[in-house]
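Working notes for the structure below.
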């Protein structure tokens, strides 16, 4: 039985979250707190496996709580928030060590909190398995310089496609700043995030990176040294113009994909457009998004790297690729940027 502490200043939300989590036979809410001050005391006393935490609270808000708790002792924390003005706080909480987040339907309709039941249960269970030593990583840009680009030569690949989910914002903040400005190909990333966060996240990542990072738009040309973040709510694929230029194509299709954007959609498109010159990278995240897409890349003669279990916050997506026999190499997070550049 996994023990959970729920932190929210709304009595209704605390009750609703307790009810939601109690539906799972694997979860038990052992305590509730109204703000970060109470939560720090409760976590110390109860030693829960997971904490769910609101962001906007009196006395000590969610970002301050996550920072303070991680400084004391790392505990998996799932942030719950609404997009209304809290985007920057969500990213700050993730940077401070929160494992994942669940978007509340709206600040004005908290009764709809029950709409996110399945997502909340899944993310709390996944967070419980996060190795605590992986929760306090700091961005590589704080203590390491970007990898020096190799001598000029034609790269072995024409594109790098990356799929990542739970633990992704932290992992990318450690990896992307290590890529050199002279990266010889374009990079496209699918990161599972709710609508409204990917643009801000791309801006923050760009500030600490040598490569250019942006939320990609329809028709944008693929360029060396530029990292695309797929916008939440849209699948990202490639299309080649008659003149050979490859551009981004954003679409709601397929509508039946478990995630939008989907790693599988991106990887399949890379395989179809670039063939054997596709390098796929599947990193931390729950579920199996990326397994089917990796199969497409391998079928076309491309290469697939997976993040090793030792550094994943959640070893779900990489495991699914490994167990399907589709991974060419398992690479720890701190070596992933170098592994990509070596293969390029």
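Values in this text are rule-based calculations from the coordinates and carry no lab data. No experiment lies behind these values; they were computed from the predicted model shown. Note that we place each Cβ from the backbone using ideal geometry, even for glycine, and neighbour counts take in every protein chain shown.
Could you work out how much longer the chain between residue 15 and residue 154 gets when fully extended? Use 0.36 nm per residue separation minus the Cα distance between them, nm to one decimal. Walk me through the numbers before you get to the answer.
On the way: separation 139, 0.36 × 139 = 50.04 nm, distance 5.91 nm.
Stretched fully, the residue 15-residue 154 segment lengthens by 44.1 nm.
Based on the Cβ-Cβ distance of residue 272 and residue 73, what FRET efficiency does E = 1/(1 + (r/R0)^6) give at R0 = 56 Å, to the nearest 0.05? Display every interim value, and only then the final one.
On the way: r = 47 Å, r/R0 = 0.85.
Result of the calculation: an efficiency of 0.75.
Hey, any idea what Rg/Rh is for the range 2-134, computing Rh the Kirkwood way over Cα pairs? Don't skip to the end; give the middle numbers.
Numbers: Rg = 13.0 Å, Rh = 14.2 Å.
On the Cα set of the range 2-134, Rg over Rh gives 0.91.
Largest first and to the nearest Å, give the Cα extent of the range 239-291 along each principal axis.
39, 24, 13
For labels at residue 37 and residue 251 in the simple 7 Å Cα→Cβ model, what's the distance in nm?
Placing both labels 7 Å along Cα→Cβ, they lie 5.5 nm apart.
So what are the three principal axis dimensions of the chain from its Cα atoms, in whole Å, longest to shortest?
Projected onto its principal axes, the Cα set of the chain covers 60, 42, 37 Å.
Please give the FRET efficiency for residue 242 paired with residue 26, using the beta carbon to beta carbon distance and R0 = 56 Å, rounded to the nearest 0.05.
Numbers: r = 54 Å, r/R0 = 0.97.
So, using R0 = 56 Å, E works out to roughly 0.55.
At 37 °C and 0.692 mPa s, grab the translational diffusion coefficient of the range 295-344 from Stokes-Einstein with a Kirkwood Rh over Cα pairs, rounded to a whole number in µm² per second. Kindly include the intermediate steps, with their values, before the conclusion.
Numbers: Rh = 11.2 Å.
Value of D from the Cα-based Kirkwood radius: 292 µm²/s.
Quick one: order 256, 47, 61, 264 by neighbouring beta-carbon count within 10 Å, fewest to most.
Numbers: 256 6, 47 12, 61 20, 264 24.
The order, fewest Cβ neighbours first, is 256, 47, 61, 264.
So how do 53, 183 line up by other beta-carbon neighbours within 10 Å, fewest first?
Details: 53 27, 183 24.
With the sparsest Cβ surroundings first, the list reads 183, 53.
Arranged by the count of other C-beta atoms within 10 angstrom, fewest first, what order do 207, 19, 272 take?
Working: 207 10, 19 13, 272 16.
By the 10 Å Cβ count, ascending: 207, 19, 272.
Take residue 46 and residue 214, extend 7 Å from each Cα along the Cα→Cβ direction, and tell me the distance between the two endpoints in nm.
Label-label distance for residue 46 and residue 214, simple model: 4.6 nm.
With viscosity set to 0.890 mPa s at 25 °C, what whole-number translational diffusion coefficient in µm²/s follows for the range 140-343 from Stokes-Einstein and a Kirkwood radius over Cα pairs? Can you show the working numbers first?
Details: Rh = 16.4 Å.
For these conditions, the coefficient is 150 µm²/s.
Calculated from DSSP H runs of 4 or more alone, at -39500 (n - 2.57) each and per residue, what is the 222 nm mean residue ellipticity of the chain, nearest 500? Display every interim value, and only then the final one.
Numbers: 11 runs with 113 residues, N = 344.
For the chain, the value works out to -9500 deg cm²/dmol.
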